[in-house]
1. Can Met311 be described as in contact (Cβ under 8 Å) with a residue 40 or more places away in the chain, under 30 Å from Arg247 (Cβ atoms) and of a type outside the set (Gly, Ala, Ser)?
2. Is it the case, given these coordinates, that Leu366 is under 18 Å from Pro272 (Cβ atoms) and of a type in the set (A, V, I, L, M)?
3. Against the condition in contact (Cβ under 8 Å) with a residue 24 or more places away in the chain, within 18 Å of Asp317 (Cβ to Cβ) and not in a loop (DSSP other than H, G, I, E, B), how does Leu286 come out, does it pass?
4. Restricting to segment 322-353, and then to whatever is small (Gly, Ala, Ser) and part of a helix (DSSP H, G or I), can you tell me which residue is farthest from Asp307 (Cα to Cα)?
5. Which residues, taken from segment 151-207, are in a strand (DSSP E or B), closer than 30 Å to Gly291 by Cβ and open to solvent by 60 Å² or more (accessible area, probe 1.4 Å)?
6. Pull up segment 23-62, narrow it to residues that are free of Cβ contacts under 8 Å to residues at least 24 places away in the same chain and of a type in the set (D, E, K, R), then point me to the one that is surrounded by the most Cβ atoms within 10 Å (Cβ to Cβ).
7. Is there any pair with a first residue in segment 316-343 that is free of Cβ contacts under 8 Å to residues at least 12 places away in the same chain and at negative phi and a second that is open to solvent by less than 10 Å² (accessible area, probe 1.4 Å) and not β-branched (Val, Ile, Thr) whose Cβ atoms are under 7 Å apart and which are 6 or more apart or on different chains, and what are they?
Amino acid sequence: MDGKEVLRIVDAIQRDKSIDKEIVFGGIEQAILSAARRHFGDDHELSVHIDRDSGEPTVFCDEEKLAQDILGEILGRVAAQTAKQVMIQKIREAERDSVFDEYLEMQHQSVSGSVSRVEGGAVLINLGKIEGILPRGEQIPGESFRVGDRARAIVLDVRKAGSRVKVILSRTHPDMVRRLFELEIPEVSDRIIDVRSLAREAGYRSKVAVSCMDSSIDCVGACVGMRGARIKNIVDELAGERIDIVRWNDSLQVLVPNSLQPAEVEDVILCPMLGRVIVLVREDQLPLAIGRKGQNVRLASKLVGWDIEVMTQSELDEQLDKTVEAFSSIPGVSEELAESLVSQGFFSYYDLSVIEPDQLAELGGLTAEQCTQIVEVADRESERVEAEEDAMRAAKKNNPQATAEKESVATEVEATSEPAATESEAEVSGSEADESVVAEEASAESKSTTDEVVETEAEESVVAEEAAAEPETKTDEVVATEEVPVNAENTTEESTEKQE
């Protein structure tokens, strides 16, 4: 074996496959050793070494150096084929390890490529050296890809699978938004503006809290860009996902109202023992603060790292009264202790069941035994309340019709128990009375009217006279009586439109 040829092969593999020379030398040594074992058998002790400068291989058999002509015989045609297979396997393993290490360092970094295949919802993206897999669950809801499309994602995970490397990509991870901010906003990539916190529900909404050490720079305005150009590029990349940029503040009293924007917050009450924040808003701001399906307050909680509970002042007062009364019923809990617990944000039996005994003892001046007893009672009450709620949900789920019937029956009972009828019932009874009067007067064939008829019954008498004149058109009269309220409604609507 020519040493120069060995060096040429090592250089070519190192250059093309980006594999360290030492790994290639090791693979060649292992290949020569396999060929020597095939020639001598397993009864001899063999070792191989290749000089890193000259490339000349040296083979030792039972600690004796073999001559070059014997080495030529060892590396015959069959043995050389075996050595070649071993060397190819070693090079492939080295190449796999090199790709694995490269993409492992790129974990949670942004990569881009072209879509090569779409298989069963998963998208395969050509990244150059390897194909990345974008599973269906890591795609933004509603987006679709076609072969040849350019796609950007972050490296979520890197795994070894036999002789291959699997690179799992993601477009739903919060770091996807962070990398896009670094790409589109130079101040973020230069660390002038820092992304302090990020909360995301992929495809729907994200909240990003930013800050800047330089007070002369508006961090929110820099992220938005001129006429929203910078943030628009990020939104387009994320398939129209809404992004709220929040100004970071180390004080929760300022950060929480910022995170709940665009809702207006009246007051912020911190409960450090439970890691909870109670936010008070006006009645008209409550839906805006909570957001659609609770999305706004949920993202704000993730952004600040505290549980946020939004309520109005009246709801808070009602909750305080109920909780103080409930806690006072627990043996060993005085009214003063109950009020102290409520002031710390403990609003339910579950909250009280997770309190540390030393914290409870500090608040109420109780002994360890008393604290343990109170926590046990609260734990039992919490389980009871949870069981009742589960039973109610199960009953409603298993038999929703019966539940609806019970609710309707209860509504009817409440309605009949009221002294005065509702407006709809009054209208129905009035219409039935009119029809009965018309029928009675029509069957009597317009007998003589008495002086007791007042002016308010003039319309009924007119209807009676028409019924006497044309008894065979009784059906038409009923239709006419039914059309009267419709015409009245139409007249009311026309007058309302004129007023508007």
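The values are calculated or read from the model by the stated rules, or taken from the named source; none is laboratory data. Nothing here was measured: the structure is a model prediction, and the numbers come from that model. Positions of Cβ are backbone-derived with ideal geometry, glycine not excepted, and every protein chain shown enters the neighbour counts. Surface accessibility is based on the protein's heavy atoms, side chains included, excluding ligands, DNA and RNA. Shrake-Rupley method; radii C 1.70, N 1.55, O 1.52, S 1.80 Å.
1. Judged against the criteria, Met311 is not a match.
2. Criteria not met by Leu366.
3. When the stated conditions are applied, Leu286 passes them.
4. In this case the residue turns out to be Ser328.
5. The answer is Arg152, Asp194, Arg196.
6. Selected residue: Arg37.
7. Here the result reads Ser328/Ala338, each pair linking segment 316-343 to a residue that is open to solvent by less than 10 Å² (accessible area, probe 1.4 Å) and not β-branched (Val, Ile, Thr).
Here's the yes/no breakdown for (1) among the small types (Gly, Ala, Ser); (2) open to solvent by 70 Å² or more (accessible area, probe 1.4 Å); (3) at pLDDT 80 or above:
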| residue | (1), (2), (3) |
| --- | --- |
| Lys302 | no, yes, yes |
| Met311 | no, no, yes |
| Ser314 | yes, yes, yes |
| Glu318 | no, yes, yes |
| Tyr350 | no, yes, yes |
| Val354 | no, yes, no |
| Leu363 | no, no, no |
| Glu389 | no, yes, yes |
| Met392 | no, yes, yes |
